[in-house]
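The values are calculated or read from the model by the stated rules, or taken from the named source; none is laboratory data. Here the structure is a predicted model, which is why all the values come from computation and not from measurement. Positions of Cβ are generated from backbone atoms using ideal geometry, with glycine treated the same way; all protein chains shown enter the neighbour counts. The area values use the complete protein model at the heavy-atom level, side chains included, leaving out ligands, DNA and RNA. Shrake-Rupley method; radii C 1.70, N 1.55, O 1.52, S 1.80 Å.
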Amino acid sequence: MHIKSKLLRAQMFLLRPIATQTGDLGTVRALQEESGKLITRRDAALSPVSLPHCGAELATPPELPPARGILLYLHGGGYTAGRLEYARGFGSTLAVRTGFPVLYPAYRLAPEHPYPAALDDAEAAYRHLLGSGYDAAHIVLCGESAGGGLCFALCLRLKRLGLPLPAGVAAISPWVDLACTGGSYMENQGKDPLLTREELAFSAAAYAGDTPLTDPYVSPLYGDLDGLPPTLLFAGGEELLLDDMRGLYARLKAAGCAVRRFVAPEMWHAYVLYGVEEAEADFVRIGDFVREAFEE
């Protein structure tokens, strides 16, 4: 059953004063965990995975495809929210909707664990997959918001370390500019029911700590994107991070990378996660992208 986007949007605006209380991480984290529970797919088999510094799970779809492949899902939450129950929500959904297993780590959160903790945990999860017998050509990264940005930060680190890059990256509303310089931060203020500039500035400072906000491993928009894998990008037409996606698309194109983008008119930040009918075509695109990546 699809959720009516206009009704959901109105409900989110009603909850916004609670959900975006800058600095009130207890409330924000609790609400995020509850949202993860709402979209968790019970038809996926869930099993714990041991990583050095964080919890993780593997979601396996009811039927595995003949092709070998796995997704590494890095969740959103501004690097300050999103534990395992939240990651399980879209992680299990991706497994069922794409037909491929999904590993999702609940990476350490700021401000308790600022940069580079999240990136270290993402790298550990990727190395776990390599150590489990998956070639890089059998791994696709997926993430939304901060998790989308983390996917690209991970690719930059893998490139620096000389490790093989994944077969592709699918990013939903990626936060790749923690300096928040895009015009959409102003233009869509008040239109996006999920984000405020103040909340983003708080999360950016909490995560970056003493590291400059334009450091490429904090804000991949400023990195050397040459050689990055094929990429699929999504954003809502009325979200604050719209220009993050636009800027990333332009930078990837300029670097000669294969990249496709889709903007959903009148949709908000990370709308794909919310079960709205407008996102159905995007799930098809993600599934096709993943299968194409594994076939190449």
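Odds and ends about this structure:
- Hey, residue 158 open to solvent by less than 10 Å² (accessible area, probe 1.4 Å) and touching a Pro at 6+ places or on another chain (Cβ under 9 Å) or not: yes
- Total residues in the stretch 260-282 satisfying the condition of being on the phi < 0 side of the Ramachandran plot, open to solvent by 20 Å² or more (accessible area, probe 1.4 Å) and within 17 Å of the chain's Cα centre (by Cα): the figure is 5.
- Selection over the stretch 192-213 of residues that are buried (at least 19 other Cβ atoms within 10 Å of the Cβ) and either touching a strand residue (DSSP E or B) at 6+ places or on another chain (Cβ under 7 Å) or among the charged types (D, E, K, R) (or both) gives a count of 2.
- Verdict on residue 68 being touching a His at 6+ places or on another chain (Cβ under 7 Å) and modelled with pLDDT under 95: yes
- Criterion: over 19 Å from residue 77 (Cβ atoms) and touching a helix residue (DSSP H, G or I) at 6+ places or on another chain (Cβ under 6 Å) - qualifying residue of 252, 228, 273: 228
- Close pairs from the stretch 126-141: first closer than 16 Å to residue 152 by Cα and modelled with pLDDT of 95 or more, partner open to solvent by 60 Å² or more (accessible area, probe 1.4 Å) and not hydrophobic (A, V, I, L, M, F, W, C), Cβ under 8 Å, at least 6 apart: 136/164
- Matching residues in the stretch 251-279 - criterion: being out of contact with any strand residue (DSSP E or B) (no Cβ under 7 Å at 6 or more places or on another chain) and not small (Gly, Ala, Ser): 251, 265, 266, 277
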